[in-house]
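Scroll down for the structure; my scribbles are underneath it.
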Amino acid sequence: MTELYLGLALILLLTIAIGLVRILRGPTATDRMLAAQLFGTTAVAILLLLGQAAGNSAIWDVALIFALLTAVAAVTFVRRKDIDSTTETEEHDGTD
Amino acid sequence: MELALIFDLILLITLIALAWLLLASSDIFRAVVLFIAFGLLLALAWVRLGAPDVALAEAAIGAGITGALLLVGLGRLGSAEHYRGTRTRLTFLQRLSAPVLIGVMIPSISLILLLELSLHASATPGQQGLVNVLLDVSGTNHGVTAVLMNFRAWDTLLEKGVLLLALISIWSLDQARPLFRQNDISPQLTGLARLLLPIMIIVAGFVLWQGDHAPGGAFQSGAILSAGILLAILVGYTLPTRRQGLSLRLLLAVGFSVFLLVAAATLLSSDYLLKYPDSLAGSLILLLELVATASIAALLAAAVVGGHPPDDLSKPVDRSSAVNGGQT
Amino acid sequence: MALTDLITAFLLLGSLGFFLAGTLGLLRFPDLYCRLHALTKADNLGLGLVVLALMIQSDSWQVVIRLLLIWLLVLVAGATVAHLIARKAQQDGHQPWRR
């Protein structure tokens, strides 16, 4: 079972690495923030799996703190007065 | 075992790549988000290194405070346009310097580290044995807490001083200005805060209590509390003006001051800085952890708010000109 | 392999599907709102299935409650943040993508 947990944690880590492309490409500030939000959830999943694999409950405490606090950065972003308008002007990226 | 190694390798490569990308980013906002992602992965790295104490601190600081601090700081810079890096023409040598630095330095440092590890890794178990022997008289049941609050408490004392100094520097720069839109708070956000705030306080207490026998302690607990304070500010709670004078300053300084008093008392009574009497060690550590938690929570939150409270507390700050000035 | 292990493996595989879909959506969907929609699936079900898989493996109710608490926190925070981000994007004048 340990292999299964670690294997899944590994693939989830890879999804974070690949998802970094969205932070790099944007195009809007909100897109970048979204990617960070997804990484937060993925990191919680990875920590749960690592904790189970290692049988160490302290790792789950780290996951708990992530789960509790990742909203704060996103809420700060949403409530910020000054939106950097320059990154917001590029409306869409042409993926179609 | 193999899988764990691959996991570590990918984590390492991603961390280095992230660090490079965020330092090289010409768009500051992108750098901030990359830094948030960096914090997440760094916590994973601490977990893999077998240091859950540091991972807890990194999670609390990285997820709760750093992101908010940088985003707020970015807001204070005004429009990002002025701060977007301009590309200057580099000479051939300048352009060569980065690849040479990376191509030579990183391999050589890695080589030295690898040699060092292969020679000494198994030979030196660190101070673990010594800490275990002395744990009984340390006043706590967790090795890391014993080191931080007793054996090397002077490090922690100075750390509290650094945090206080940092806030004094921030306060000396400017007056605090409301950074968030006061109107237009969505009811869902208020609901989220009402739900999360009590849980944050309970978890902060739990982490502080747990520091006695497992990973946890004042810094982690204070960081969680400060994220709670920040969330409260974000949904529009304000500190009553009467509390922003002496009471606030006392709260900010109490952690360092009490630590300093204990240090002075131990120096006078035992000739050694922060050498607690054995019978009092437990109570002293508890006292220091409690006041440190309160101060750290207040200091970190105040650092995010930035700037000292308005001098004339009866008047609200007129910030419309200052904030919008940079934007147009 | 015991039955519980089999169920755990099955659930973990399912969660992997949701995380992969979330990442794929984040990278490939044409606009902000679509991407938002994709990644909330990872919040809800991706993590939910991991939590469920680990709950089956646990032997004490304290562990079950801890896992449940973590999942509920992510669920509540994720849903609210998704709403707030979509709302802000709309206020900023982002037009939803049309074919």
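Against the test of being more than 18 Å from A:Ile23 (Cβ to Cβ), within 15 Å of the chain's Cα centre (by Cα), surrounded by 17 or more Cβ atoms within 10 Å (Cβ to Cβ) and touching a residue at least 12 places away in the same chain (Cβ under 8 Å), the options C:Val51, C:Val76 yield a single qualifying residue, C:Val51. B:Asp184 meets the stated requirement of being surrounded by fewer than 21 Cβ atoms within 10 Å (Cβ to Cβ), part of a loop (DSSP other than H, G, I, E, B) and within 14 Å of chain C (Cβ to nearest Cβ).
Among the residues making up the stretch B:159-175, a single one is surrounded by 14 or more Cβ atoms within 10 Å (Cβ to Cβ) and not in a helix (DSSP H, G or I): B:Gln175.
Every number here is computed from the coordinates shown, using simple stated rules; none is lab data. For clarity, every value in this text was computed on a predicted model and none was experimentally measured. Virtual Cβ from ideal backbone geometry, glycine too; neighbours counted across all protein chains shown.
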